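Written out below as structure tokens is the structure these notes cover.
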Amino acid sequence: MSEQPTPSQFPSAPLRELASRITDGSHFSPTPQEHGYLIANVKDMRSGFIDFSSCTRISNSAYRELNATGCTIRNGNVLLSKDGTVGRVVVYKQDEEIGALSSICIIVPTEEIDSAYLGHALQSQICVRQFENFMSGSALRRLVLRDIRAIEIPVPSVEQQAAIAQILDTLDTAIRDTGALIDKLKAVKQGLLHDLLTRGIDANGQLRPPQNDEPQLYKESPLGWMPREWECREFSVLAEYLNGNTFDAAEWKESGFPIIRIQNLNGSRDFNYYAGAIQEKWHVHPGDLLFAWSGQRGVSFGARLWDGPEGVLNQHIFRVLPKLSLVSKMFLFRLLRFRQMSIEDAAHGFKDSFLHVTRGELGSVNAGVPSLDEQERIELRIATYESKLLAEEAELGKLQSMKSGLMDDLLTGRVRVTPLLESVPVAPIDKQSVRQMGA
């Protein structure tokens, strides 16, 4: 049974009574231009703003026609995506007036409703469940204006609306800032991985300077310049690649060992099961290094560390056993991921989509291999950075959960905002204060 929304303690009103205008954008698409006015679609709606860089440009005459028919967006409007991707909300706070296509609903709030509060209300479970009810039975996800106008919105006092919006805006800012930091950390990680896996860390724990600065530290190799202490080795030298087993549908059972397939390497925990005898070469344990030798380029093809249960491998996946005298399991995983494009180039199949790689093709690809001691130093540096990234991702998840719960509490009146108004009458509410409210 689905969880029922908590009834709001505030009075409610249909959206049509809270807006002076509810319309959608243009139902025809003006011809794109290199220069001119902007026109937005659902794809341009980001968290809290319209991304001008992804908007289409249209001619002056096309924009004048949109303006004459009310299909333009102005500062203070509340935008709701209504076709395809339903439920994105933007409270438009940008000065530039732009056009809109029909997938965007444009709401002009009256003085009785705070636009920031309305934006949060439309993202709450109170409204999302109404969207879902209106869209039921339709193959194409779509809200029509008639139904949007009928959506019931909780309406506390204007003072309470402003306080609720302030609290939730603070959380939104924290969520956006944390998301931006995660994006930055991911971008820096790519550069860090490249430097560590091409230049490495010397005995003093320092990243080696680039070859251009200290050429005596490097030697030429089939991979280009490489630290003098490193060896260029083929993947065939670094590990054994043991094939999985072919499991016929007749062998699938309702219990036993999970059969690990390519989709399971990408997060699916929908398993078939095998209850027969097991050979060690296709017996998998948590933490094993695996390689999907058949899969989609850049998506399902390549190396994974298995984070699921003990199971058995199907025929499209290698179990990779590193030669520990040369390379650690984690470092080999890093090398297989780092050399992914070269492995894809060595593979056969449809080069732009689905690939297959044989042991020989995979084994022929080279990688730069430092000593085991240096591998450990490199892995420690990477793991430390990844721990920081994981901590920020966990923080983002906490903030998103906090916002979801606090939004429901505030919009239903379970948590009253009047005491918050008295305690914080003027100063912005900081993230720590919001954490205490959500505790």
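Please treat every number below as a calculation from the coordinates, not as lab data. Predicted, not measured: the structure shown is a model, and the values here were computed from it. Using ideal geometry, Cβ is built from the backbone for each residue, glycine included, and neighbour counts are taken over all protein chains shown.
For segment 221-228, 3J(HN,Hα) computed residue by residue from phi via the Karplus equation (6.51, -1.76, 1.60; θ = phi - 60°) reads 8, x, 9, x, 6, 9, x, 4 Hz, glycine and proline entered as x. Other residues within the sphere of radius under 14 Å centred on the Cβ of L289, judged by their own Cβ, net out at +3 (K and R +1, D and E -1).
When each of the peptides 250-260, 37-47, 213-223 is scored by the mean number of other C-beta atoms lying within 10 Å of its residues, the order from highest to lowest reads 37-47, 250-260, 213-223. Proximity of backbone amide H atoms, modeled 1.01 Å from N, is registered between Y218 and R228 at under 5 Å, excluding neighbours fewer than 5 places apart on the same chain. Using every pair of separate Cα atoms, the Kirkwood estimate puts the hydrodynamic radius of segment 231-369 at 15.2 angstrom. The stretch between D345 and S53 holds 101.8 nm of extra length on full extension. This uses 0.36 nm per residue minus the Cα-Cα distance.
Measure up K82/K403; K323/K398; K184/K329; K184/K219 against 30 Å on the Cα-Cα distance and list the ones that go over.
Values: K82/K403 23 Å; K323/K398 41 Å; K184/K329 28 Å; K184/K219 33 Å.
Checking Cα-Cα distances, K323/K398; K184/K219 exceed 30 Å.
Scaling against 2.2 N^0.38 Å puts the C-alpha radius of gyration of the chain at 1.27. Phi angles across segment 190-195 convert, under the Karplus curve 6.51 cos²θ - 1.76 cosθ + 1.60 with θ = phi - 60°, into 3J(HN,Hα) values of 4, x, 5, 4, 4, 5 Hz, Gly and Pro given as x.
Scalar couplings 3J(HN,Hα) for segment 358-374, obtained by applying the Karplus form with A = 6.51, B = -1.76, C = 1.60 to θ = phi - 60°, are 7, 4, x, 5, 5, x, 7, 7, 8, 8, x, 10, x, 5, 4, 5, 5 Hz; x denotes Gly and Pro.
Within the straight-line cut-off of under 16 Å between alpha carbons, the aspartates and glutamates reachable from K189 are E379, E386, E392, E393, sequence neighbours fewer than 8 places apart in one chain being disregarded.
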